[in-house]
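Data first, discussion second: the structure below is written as structure tokens.
The values are calculated or read from the model by the stated rules, or taken from the named source; none is laboratory data. Computed from a prediction, not measured in an experiment: that's the story for all the values here. Here the Cβ is made from the backbone with ideal geometry for all residues, glycine too, and neighbour counts use every protein chain on show.
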Amino acid sequence: MDTPYARRTLPSAPPPRARPEPAPRAPKAPRPLKARSADECEVLEQLPNIGPSIASDLRQLGIHHPRELAERDALALYRALCEASGKRQDPCVLDTFMSAVDFMRGAEPRPWWTYTAERKAVYGTV
């Protein structure tokens with residue numbers, strides 16, 4: 001008996017395809033240890049508070065060795081990065097630049113956020 005409520009049989013679905021095994025990833029290079037002094041610092045990533053992203057920003061600005069920061073102005077670097085990227089960077093980036101420049105001039109390593117009050121006092125709103 002054929003009624004509107006009769007059970008229909010569906011064609012059988014093909015078996016699921018086996019997913020290919022993902023290619024093994026190359027191991028990540030170990031991160032360089034953070035320098036305890038400017039003299040120990042050989043690559044940008046060794047600077048306190050500087051990771052791969054900020055190191056890449058510094059390289060984009062023509063800074064390739066940490067010692068180059070000792071003669072640079074953090075605010076000028078920040079403004080150059082804003083111009084190069086075409087957008088206003090977070091002011092915390094300026095704090096980070098201030099910490100890196102200060103460290104390369106011989107200061108003890110300090111967390112970048114300890115520079116926030118100084119940035120606001122010296123530069124106001126950037």
Query raised in the report: Any residue in segment 92-105 that is basic (Lys, Arg) and outside any helix (DSSP H, G or I)?
Result: yes
Query raised in the report: From the set of residues in segment 1-35 that are exposed (fewer than 13 other Cβ atoms within 10 Å of the Cβ) and under 22 Å from the mean Cα position of the chain (by Cα), which is modelled with the highest pLDDT?
Result: Leu33
Query - Selected residue [farther than 19 Å from Ser99 by Cβ and free of Cβ contacts under 8 Å to residues at least 24 places away in the same chain] from Pro30, Pro52 - result: Pro30
Report summary line: Flagged pairs (Cβ under 7 angstrom, 6 or more apart or on separate chains; first in segment 111-126, farther than 16 Å from Leu77 by Cα; second among the charged types (D, E, K, R) and modelled with pLDDT of 95 or more) are Trp113/Asp95; Thr116/Asp95
Query raised in the report: Would you say Asp95 is touching a residue at least 24 places away in the same chain (Cβ under 8 Å) and under 21 Å from Ala121 (Cα atoms)?
Result: yes
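Going by the conditions given, is Ala117 under 21 Å from Leu33 (Cα atoms), in a helix (DSSP H, G or I) and modelled with pLDDT of 95 or more?
no
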Query raised in the report: Does Ala80 count as over 19 Å from Ala55 (Cβ atoms), in a helix (DSSP H, G or I), more than 16 Å from the chain's Cα centre (by Cα) and without any contact (Cβ under 8 Å) to a residue 24 or more places away in the chain?
Result: no
